[in-house]
Amino acid sequence: MWHLLEPLHAVLYYAPQAFDQAAALGLAVDERWPAYFAWRAAPLGEAGAGEVTEAFHSFSPRTVERYVPDAWRTAPPAEVLAARLRAVDLVYRAVLGEGTGSDALAEAAALARRAAGADTAGRPLAASNAALPWPEEPHLVLWQAATVLREHRGDGHVAALREAGLDPVESLVSFASVGAAPVETFASRGWTGAEWSAAAERLVARGLMDADGAATDAGRALRSRIERRTDASAAAPWAVLGPDGTARLAELLGDPWVAVLGTGLLPATNTLGIGRI
């Protein structure tokens, strides 16, 4: 379900219509990060850099400080959230075409919203998105539900990483060590070469990685436990929906998923390990 829902959420961060809306707010659009941090962090309110760093987990504090809280001086969160919905509306209408108003999409939106009603206690990004007013139009409901569900899983994944004793940069180094993505893919998170090397040395000392940067058996076993813990933690929404409802939603998401991937907007190699892990 995560593989089906993630592209439906993440297209916001790459679509030209979303950059247009970000520019209208006054955000810089010569790179994607000012809009990314604003779009994703706005549900938290006027959060400071420390709160966003904690919630996002994988970005270096310096990277977050470059964009937060400056984003809120450019446009307060309420304005960002309104622009975010306008952007999603434009993106989905462009990508899905007539499918935007279809009965199948309306059914998918209703099912996804039910799943997104699962408990979000202790999950800051999921809870803050779930607390937002629900839009009326089904395609916007689908995007908001997809967002709650992906952040629900992401919050649980961060908890699993912390339980495993991996700090933010160690989380990335260990993920790269199992082949989730090439090391250079993670440069966007803003860690210096020295910080990356120091994290690698810590993982080698723990027996989780060898000197060549590849995971040891113990390292692969740890990442496997983290993924299983993440899956277990993410199960509640699908228990709410039930097996039949979940299977029906998966069926209904096929066409939108293909449409979004077909735009070519989403990077083939990504820090989430989609297609590899």
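The values are calculated or read from the model by the stated rules, or taken from the named source; none is laboratory data. Quick caveat: nothing in here was measured; it's all calculated off a predicted structure. A quick note on method: Cβ atoms are made from the backbone with ideal geometry, for glycine too, and the neighbour counts reach across all protein chains shown. These accessible areas exclude ligands, DNA and RNA; they are computed on the full protein's heavy atoms, side chains included. Shrake-Rupley method; radii C 1.70, N 1.55, O 1.52, S 1.80 Å.
Long hydrophobic helices in the chain: the complete DSSP H runs spanning 15 Å or more by Cα along their own axis with mean Kyte-Doolittle hydropathy of at least 0.5 are 77-96, 236-262. Solvent exposure of the chain, expressed per residue, is 43 Å² of accessible area, with all protein chains present and a 1.4 angstrom probe.
Calculated mean residue ellipticity, 222 nm, the chain: -20500 deg cm²/dmol, from DSSP H runs (n ≥ 4) at -39500 (n - 2.57) each, averaged per residue and rounded to 500. Applying both filters, DSSP loop and at most 15 other Cβ atoms within 10 Å, to the chymotrypsin sites (Phe, Trp or Tyr not before Pro) of the range 139-227 eliminates every site. Charge tally for Pro124 (other residues, Cβ to Cβ under 9 Å; Lys, Arg +1; Asp, Glu -1): -3.
Averaging the Cα positions of each part gives two centres, and for the range 1-59 and the range 137-151 these lie 15 Å apart. Among the protein heavy atoms of the chain, carbon and sulfur supply 55% of the accessible surface, probe 1.4 Å, non-protein parts ignored.
Charge tally around Ala18: other residues with Cβ under 10 Å, Lys/Arg +1 each, Asp/Glu -1 each, net +2. The range 102-119 and the range 171-228 have Cα centres lying 36 Å from one another.
Other residues whose C-beta falls under 13 angstrom from the C-beta of Ala199 contribute a net charge of -1, scoring Lys and Arg +1 and Asp and Glu -1.
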